[in-house]
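The values are calculated or read from the model by the stated rules, or taken from the named source; none is laboratory data. Here the structure is a predicted model, which is why all the values come from computation and not from measurement. Ideal geometry is used to build each Cβ from the backbone, glycine not excepted, and the neighbour counts take in all protein chains shown.
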Amino acid sequence: MGTNYYAVRKRPTTDYPIHIGKSSLGWKFLFQTQHENWNEPPVVWDTFDQVYEWLYKYTVESDNYVIIDEYDEVISFKDFIEMVEDKQSVENPDNFTYNKNVNGYRFADGEFS
């Protein structure tokens, strides 16, 4: 069982949530690769550094987005990054069998839930 995380605008909206990725027991965090140039602001990431920079810029600096899990619980940028980093120590031989290894972080190109 796992938990999905999203970045959503802080104001009430029907805008599409941005799927950041999923945390599952016994696995490194799985990031969803993003290439949404049409979105405003554009959401383009396929490395952890890009995810970090985008989330920091839009959840901390501009305060326009929040990070939530699939149960609508808000998680701070700091707590989210700590959770991801804690999961980096998970050793599972299948971590990169079906997902890309980008500098030790797991990324999926296709959609997943």
Quiz item: Do we find a residue being closer than 30 Å to Pro93 by Cβ, surrounded by fewer than 18 Cβ atoms within 10 Å (Cβ to Cβ) and without any contact (Cβ under 8 Å) to a residue 40 or more places away in the chain anywhere in segment 28-36?
Solution: yes
Self-check item: The listed residue being touching a Phe, Trp or Tyr at 6+ places or on another chain (Cβ under 6 Å) and at pLDDT 90 or above, out of Tyr56, Tyr105
Solution: Tyr105
Quiz item: Considering segment 55-95 alone, what residues qualify as being hydroxyl-bearing (Ser, Thr, Tyr) and either farther than 15 Å from Lys10 by Cβ or surrounded by 12 or more Cβ atoms within 10 Å (Cβ to Cβ) (or both)?
Solution: Tyr56, Tyr58, Thr59, Tyr65, Tyr71, Ser76, Ser89
Self-check item: Any chance Val44 is under 17 Å from Ala7 (Cβ atoms), β-branched (Val, Ile, Thr) and part of a strand (DSSP E or B)
Solution: yes
Exercise. Please list, ordered by first then second residue, the pairs with beta carbon atoms under 9 Å, 6 or more apart or interchain, first in segment 72-87 and touching a residue at least 60 places away in the same chain (Cβ under 8 Å) and outside any helix (DSSP H, G or I), second surrounded by 11 or more Cβ atoms within 10 Å (Cβ to Cβ) and not β-branched (Val, Ile, Thr).
Key: Ile75/Tyr5; Ile75/Asp69; Ile75/Met83
